[in-house]
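Chemist: Before anything else, here's the structure in question.
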Amino acid sequence: LLQTAANPYVVVLGPAESAAKRISIMGICNKVAGVLAPIVLGAILFTSGDNLLETVEALSGAEKAAALDELAERVINPYLVMMGILILLGIWIYFSSLPEVDADAEDEELAKTNLSKKSIFQFPHIFLGTLALFLYVGVEVIAGDTIINYANESHGIPLDEAKFFASFTLGAMILGYVIGIFT
C-alpha cells in the first residue's frame, strides 16, 4: 500500500524524465532500512540463537511453551517502538507542507473519459501497477524471510551467522537499484 500510494507522488514531484531515478532512490532508502532491521532485531531477539534453539528443543511440554512465550515476548517492545516511530512519522507528514498533486493539469479529454469510470478495473495501468508491486514485494519478502532457514537447515550454517543473510539479500537488491539509476 505504501509503495502504491507513494510511487505516483514521487513521479509527479519533479520532471518526468527523472521519475524512475527518484523511485529508485526511494527504493534504496527502503532497502537500507530493510538491511538494518534484521541486524538490529536479530541482535535484540536472537543473541546466541543457536544455543537458544538447542535449549528450547531440549525442553518438553510446559517448559518448552514457557520458553517460546518468553521468546515471543521479546518481539513486543521493538514493535511498540516501531509503532511509535510510525505514528510520529504519520503526524509529521500530515502537518508537513508537501505540495498538492495538480490534477487540473490533466488532459481535458482524458479527464472526461475518467469521470465515467467507476471501477479500478477500468484503469488497467493502476490495477496492473498495483499487481506488479504486490508480486514484487511478495518475492522480496520470500527472499528475505526464507534465506535464514534455508541456510541453517539445508546447509547447516549456524543461526548466529545466517541471521545476517536477509541483510545480504537486501544489500544485493540495493545494488540492483543503484545499477538501475545509472543505466
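The values are calculated or read from the model by the stated rules, or taken from the named source; none is laboratory data. The structure presented is a predicted model; accordingly, all values stated were derived computationally and were not measured. Neighbour counts are summed over all protein chains in view; Cβ atoms, including those assigned to glycine, are modelled from backbone coordinates with ideal geometry. When the accessible area is computed, the model is the full protein with side chains, heavy atoms only, and any ligands, DNA or RNA have been set aside. Shrake-Rupley method; radii C 1.70, N 1.55, O 1.52, S 1.80 Å.
Chemist: Accessible area per residue for the chain in Å², computed with a 1.4 Å probe and the full protein assembly in place, what is it?
Modeler: Per-residue value: 72 Å².
Chemist: Follow-up question, since we're still on this one. Which value at 222 nm does the chain reach when only helices count, each DSSP H run of 4 or more adding -39,500 (n - 2.57), with the total divided by all residues and rounded to the nearest 500 deg cm²/dmol? Before the final figure, lay out the partial values.
Modeler: Working: 9 runs with 137 residues, N = 183.
About -24500 deg cm²/dmol.
Chemist: Quick one: if you stick a label point 7 Å off each Cα along the C-beta vector at residue 155 and residue 111, how many nm between them?
Modeler: Roughly 5.6 nm, to one decimal.
Chemist: Okay, next question. Leaving out ligands, DNA and RNA, and with a 1.4 Å probe, what % of the accessible surface on the chain is carbon or sulfur?
Modeler: 70
Chemist: Any idea what the relative contact order of the chain is, in percent, if you count C-alpha pairs under 8 Å spaced at least 6 apart?
Modeler: 43
Chemist: Then there's this: Using the reciprocal of the averaged 1/r over all distinct C-alpha pairs, how large is the Kirkwood radius of the chain in Å? Don't skip to the answer; put the middle values down first.
Modeler: Values: mean 1/r = 0.0495 Å⁻¹.
Hydrodynamic radius (Kirkwood, Cα pairs) of the chain is 20.2 Å.
Chemist: Over region 85-183, what number does the Rg to Rh ratio reach, with both radii from the alpha-carbon atoms and Rh per Kirkwood?
Modeler: Result: Rg/Rh = 1.16.
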